[in-house]
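Structure first, commentary second.
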Amino acid sequence: LRVGMFGGGTVGGGVVELCSRFRERFLSLGADITIAKICVRSLDKPRDFAVPNGCQLVTDFSSILEDPEINCVVEVMGGTGAAKDVVMSALAQGKHVVTANKALLATFLPEIQAMLSQRPGTSLAYEAAVCGGIPVITSLQNDFLGDSIETVMGIMNGTTNFMLCKMEGEGADYGAVLKEAQDLGFAEADPTADVEGHDVQAKLALLTKIAFGKTVPVESIPTTGISGITSADFEYAKMLNATIKLLGTARTVGNKLAVYVSPVVVPLTHPLASARGPGNMVSVGSNNNGATTYAGPGAGRFPTANSVTSDLVRVARGLQGPAFPLESAVELDSDYEARFYVRISISDQLGVIRSVGEVAERHGVSIFSILQNTITDPSNVDFVVTTDTTKLSQVTAFVDDLAAASFTLKRPHFMSLL
């Protein structure tokens with residue numbers, strides 16, 4: 001396998017190091033991998049890895065894409081512009097492609113699939129695109145073929161998990177924890193993609209395709225981020241013997257499929273509740289296995305490079321199977337059913353609970369429980385209602401009506417209960 005790599009940064013450098021360090025092991029497995037060229041932005045920029053003997057640094061895409069001796073392209077440059085041109089051109093020429101680019105794959109999935117169908121024998125591998133170093137994609141592609149997956153859900157963004165863990169552990173509010181995450185380098189200066197769930201959207205679209213065979217446009221996935229969560233939510237979660245996690249979820253509901261990204265109140269007895277700091281975790285529910293949980297680092301130089309390198313070894317050994325083994329026309333159900341947690345901020349007055357109950361009844365929402373901390377300021381009181389199983393549209397209408405009530409201080413915040 002002669003490899004041309006696009007991107008010589010953090011992940012690319014890690015791939016070069018691993019391929020050099022374990023070359024003899026790979027050869028013993030029948031995987032002869034040579035990184036022949038690396039395309040970089042600047043030839044003058046210092047590199048934090050040793051360029052292998054015989055490897056050429058280049059700046060021109062065509063020097064890799066038009067090289068007939070290069071039969072595999074690694075794309076770790078990121079983005080959906082030039083990276084798309086690289087991936088599509090490589091596939092069109094029958095070159096295998098290994099990529100870590102979840103946004104590219106999720107956004108252009110139908111186009112990429114169409115290209116693969118025209119090039120039988122050409123592999124597309126992308127283990128690093130979801131959850132960094134966790135081998136969840138390869139497992140979903142190969143290990144459930146005699147099983148029926150019912151649920152895939154998980155913590156797929158380390159930044160938000162770090163923030164939620166800090167909010168829970170320190171009682172801090174969202175703003176303070178976001179600043180700390182930015183200071184530590186976990187969150188970008190513009191954190192929108194992470195905190196509003198857009199990063200998880202793309203990852204969930206890929207996992208949904210692999211697990212259920214359904215192509216779901218990224219922008220169609222209902223998504224709520226963590227910016228509305230407060231320290232009070234963790235106080236109430238504690239009363240429920242639970243915590244709060246931002247989850248990407250794809251699950252069968254009858255003969256339909258519900259796909260969404262949302263904060264979820266997770267019982268402490270569930271494996272997902274144990275994910276700490278910037279780690280990732282994915283839980284797969286299936287008929288044969290019951291629950292299978294994958295946990296590990298969701299980012300970082302060597303965790304991500306390990307996934308890319310493992311893809312290269314599989315491609316070199318001829319063991320990389322179909323990129324998307326299943327196809328399904330299952331109907332999407334955006335109005336999914338769940339039990340919900342609704343936090344309501346009010347100015348305390350007589351009859352509030354009764355009024356809330358009446359609004360719930362009007363929308364067919366059955367209240368399961370009411371939680372309230374000791375009141376310290378009657379002009380600003382938070383309390384929580386949890387519901388029996390109800391549709392998303394019903395709880396949304398319930399919250400809309402409550403937001404217009406005279407006693408509420410702001411729009412109630414709601415999330416599902418696992």
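The values are calculated or read from the model by the stated rules, or taken from the named source; none is laboratory data. Quantities reported herein were computed from a predicted structural model and do not represent experimental measurements. Cβ atoms come from the backbone with ideal geometry, glycine included; neighbour counts cover every protein chain shown. Ligands, DNA and RNA are stripped out before the accessible areas are found, and what is left, the full protein with its side chains, is counted by its heavy atoms. Shrake-Rupley method; radii C 1.70, N 1.55, O 1.52, S 1.80 Å.
Which residues, taken from the stretch 355-376, are assigned to a loop (DSSP other than H, G, I, E, B), modelled with pLDDT of 95 or more and not hydrophobic (A, V, I, L, M, F, W, C)?
Selection gives His363, Gly364, Ser366.
Residues that are closer than 22 Å to Ala181 by Cβ and in a loop (DSSP other than H, G, I, E, B): does the stretch 254-262 have at least one?
No, every residue in the stretch 254-262 fails to be closer than 22 Å to Ala181 by Cβ and in a loop (DSSP other than H, G, I, E, B).
Does the stretch 309-320 include one or more residues that are within 30 Å of Ile229 (Cα to Cα), crowded, with 21+ Cβ neighbours inside 10 Å and not charged (D, E, K, R)?
Scanning the stretch 309-320 turns up no residue that is within 30 Å of Ile229 (Cα to Cα), crowded, with 21+ Cβ neighbours inside 10 Å and not charged (D, E, K, R).
Could you go through the stretch 377-386 and let me know if any residue there is under 30 Å from Leu268 (Cα atoms), in contact with a Ser or Thr (Cβ under 7 Å, 6 or more places away or on another chain) and assigned to a helix (DSSP H, G or I).
No, the stretch 377-386 contains no residue that is under 30 Å from Leu268 (Cα atoms), in contact with a Ser or Thr (Cβ under 7 Å, 6 or more places away or on another chain) and assigned to a helix (DSSP H, G or I).
Out of curiosity, is Ala404 small (Gly, Ala, Ser) and open to solvent by 70 Å² or more (accessible area, probe 1.4 Å)?
yes
Assuming Val216 fulfils every condition listed in (1) part of a loop (DSSP other than H, G, I, E, B); (2) surrounded by fewer than 18 Cβ atoms within 10 Å (Cβ to Cβ); (3) on the phi < 0 side of the Ramachandran plot apart from one, which condition is it?
Of everything listed in (1) part of a loop (DSSP other than H, G, I, E, B); (2) surrounded by fewer than 18 Cβ atoms within 10 Å (Cβ to Cβ); (3) on the phi < 0 side of the Ramachandran plot, Val216 misses just condition (2).
Collect the residues in the stretch 23-72 that are open to solvent by 60 Å² or more (accessible area, probe 1.4 Å), assigned to a helix (DSSP H, G or I) and either at positive phi or not small (Gly, Ala, Ser) (or both), keeping them in residue-number order.
Arg23, Glu24, Arg25, Leu27, listed by residue number.
Within the stretch 220-231, can one find any residue that is assigned to a helix (DSSP H, G or I) and of a type in the set (A, V, I, L, M)?
no
For the stretch 219-236, give me each residue that is within 16 Å of the chain's Cα centre (by Cα), surrounded by fewer than 21 Cβ atoms within 10 Å (Cβ to Cβ) and under 30 Å from Thr374 (Cβ atoms).
Matches in the stretch 219-236: Thr224 only.
Consider the stretch 330-352. How many of its residues are assigned to a loop (DSSP other than H, G, I, E, B) and without any contact (Cβ under 8 Å) to a residue 60 or more places away in the chain?
Within the stretch 330-352, residues that are assigned to a loop (DSSP other than H, G, I, E, B) and without any contact (Cβ under 8 Å) to a residue 60 or more places away in the chain number 5.
Which of (1) polar (S, T, N, Q); (2) under 29 Å from Gln372 (Cβ atoms); (3) surrounded by 23 or more Cβ atoms within 10 Å (Cβ to Cβ) does Thr269 not meet, given it meets every other one?
Here Thr269 clears every test but (3).
Read through the list (1) surrounded by fewer than 16 Cβ atoms within 10 Å (Cβ to Cβ); (2) at negative phi; (3) in a loop (DSSP other than H, G, I, E, B), then give the number of the only condition that Ala299 fails.
It fails just one condition, (1).
Can you confirm whether the stretch 112-135 contains a residue that is basic (Lys, Arg) and closer than 19 Å to Glu75 by Cα?
Yes, because at least one residue in the stretch 112-135 is basic (Lys, Arg) and closer than 19 Å to Glu75 by Cα.
Consider Ser379 against the criteria (1) within 19 Å of Pro412 (Cα to Cα); (2) open to solvent by less than 60 Å² (accessible area, probe 1.4 Å); (3) not basic (Lys, Arg): it satisfies all of them except one. Which criterion is unmet?
(2)
Looking for whichever is of a type in the set (Asp, Glu) and under 14 Å from Ile229 (Cβ atoms) here; the options are Glu150, Glu188, Glu168, Glu180. Which one fits?
When all the criteria are applied, what remains is Glu168.
Quick check on the stretch 359-376. Is at least one of its residues more than 36 Å from the chain's Cα centre (by Cα), open to solvent by 30 Å² or more (accessible area, probe 1.4 Å) and among the polar types (S, T, N, Q)?
Yes, the stretch 359-376 contains at least one residue that is more than 36 Å from the chain's Cα centre (by Cα), open to solvent by 30 Å² or more (accessible area, probe 1.4 Å) and among the polar types (S, T, N, Q).
So the check is Cβ under 8 Å with 6+ separation or different chains; which pairs have a first residue in the stretch 1-23 that's within 19 Å of Leu319 (Cα to Cα) and a second one that's open to solvent by 40 Å² or more (accessible area, probe 1.4 Å) and outside any helix (DSSP H, G or I)?
Hits for this filter: Leu1/Asp32; Leu1/Thr34; Leu1/Asn71; Arg2/Thr34; Arg2/Glu69; Arg2/Asn71; Val3/Thr34.
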